[in-house]
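Please treat every number below as a calculation from the coordinates, not as lab data. These numbers were taken from a predicted model, which means no experiment stands behind them. Note that we place each Cβ from the backbone using ideal geometry, even for glycine, and neighbour counts take in every protein chain shown.
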Amino acid sequence: MLKIGEFSKLSRVSVRMLRHYDEIGLLKPAEIDRFTDYRYYREDQLPTAGRIAALKNMGFSLADIVRILEVYDDREQMEKFFSARQKELETLSQDTAHKLTLLDAARKRLRKEENMSYNVTLKTIPERYAATIHMTIPRYEDEGIIWGKMAEETCRMNLVEDNPCLCAVTYLGGEYKEENVEMMAWKTVKGDYPDTEHVKFRTLPEVTVASCTYQGSYTQITEVYAAVIAWMEANGYEPAAPMFNIYHVSPHETQNPDEFVTEICYPVRKK
């Protein structure tokens, strides 16, 4: 039998933590002297201490570890615990990567010597024939779903792109939504094509827009929206229809966000 201090040294678990493990029923001493209250552990409890340390390093809580040790010899149950924890860590990793991207973009903007400004202009986009697809997707970040569906349903049509070919997304609905986002993607083409289940070919009307084209990551797009809205207010215009983004250079052409070229378009009319 090992005294708690000896067991602490061999297991590399502090005496304070061993006492806490005892309190929560995670690793109880093999014996407690009823006269001195000394705790004693068996040598064969060292592997259990090692398992606890390994599970803690994987990010399991002590409450989780109590449950895990109860089924440690059941491979099926252990696989469920490990699989669930892996999914949690993958989600955390993606969230952390997204936050790091935002931080990096913010730092790059801070390091620029000149103040960032956006040039807003009034322009007319002429009537155009386009493949359109109207869908509701889970979130704005899932926009690739709608483009994937368009590609899937038109892949055998040999679409002839217009010159220039405009690829855009119109954001439907009057407010920002955290889920179930309604939008219409459209791509200008030449020729006549049959409609599919989701893709409809139609002529989009001429539209006057407050337009701003910028190069860079989508993380700064809110600033561009603000610049366009400020321009509209200053020049006596108001929104006339849902706004849309034209993707001149998108993730389809490059994986470098600094090379993206996006045109923000707000259909407008005079107040």
Item to check | Sequence-distant aspartates and glutamates (8 or more away, or on other chains) whose Cα lies within less than 16 Å of LYS271 | outcome: GLU233, GLU238
Next on the checklist: Please enumerate, by chain and number, the aspartates and glutamates with C-alpha under 17 Å from the C-alpha of LYS108, excluding those fewer than 8 residues away in the same chain.
Outcome noted: GLU223, ASP258, GLU259
Item to check | Scattering curve values for the range 48-184, log₁₀ I(q)/I(0), Debye with Cα scatterers, q = 0.19 Å⁻¹ | outcome: -1.17
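With a cut-off of 8 Å between alpha carbons and a minimum separation of six or more residues, what is the relative contact order of the chain in percent?
Relative contact order, the chain: 16 percent.
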Checklist entry - Is the shape of the chain rounded, prolate or oblate, going by the alpha carbon gyration tensor and its root eigenvalues a ≥ b ≥ c, with a/c under 1.5 for rounded and a/b larger than b/c for prolate? => result prolate
Checklist entry - How far, in degrees from 0 to 90, does helix 46-57 lean away from the longest principal axis of the Cα atoms of the chain, to the nearest 10? => result 20
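Too long at a 18 Å Cα-Cα cut-off: which of LYS177/LYS200; LYS28/LYS80; LYS123/LYS270? Could you put the intermediate results ahead of the total?
Values: LYS177/LYS200 25 Å; LYS28/LYS80 26 Å; LYS123/LYS270 14 Å.
Beyond 18 Å: LYS177/LYS200; LYS28/LYS80.
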Item to check | Simple spin-label estimate for PHE35 and GLN94 in nanometres, 7 Å along Cα-Cβ | outcome: 6.2
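Which of the chymotrypsin sites (Phe, Trp or Tyr not before Pro) found in the range 141-215 are in a DSSP loop and have at most 11 neighbouring Cβ atoms, other than their own, within 10 Å? Show your work: numbers first, answer last.
Values: sites: TRP147, TYR171, TYR176, TRP186, PHE201, TYR214; in loops: TYR176.
Filter output for the range 141-215: TYR176.
Please list the equivalent ellipsoid semi-axes of the range 1-70, computed as the square roots of five times the alpha-carbon gyration tensor eigenvalues, in descending order and whole angstrom.
After scaling each eigenvalue by five and taking roots: 21, 12, 10 Å.
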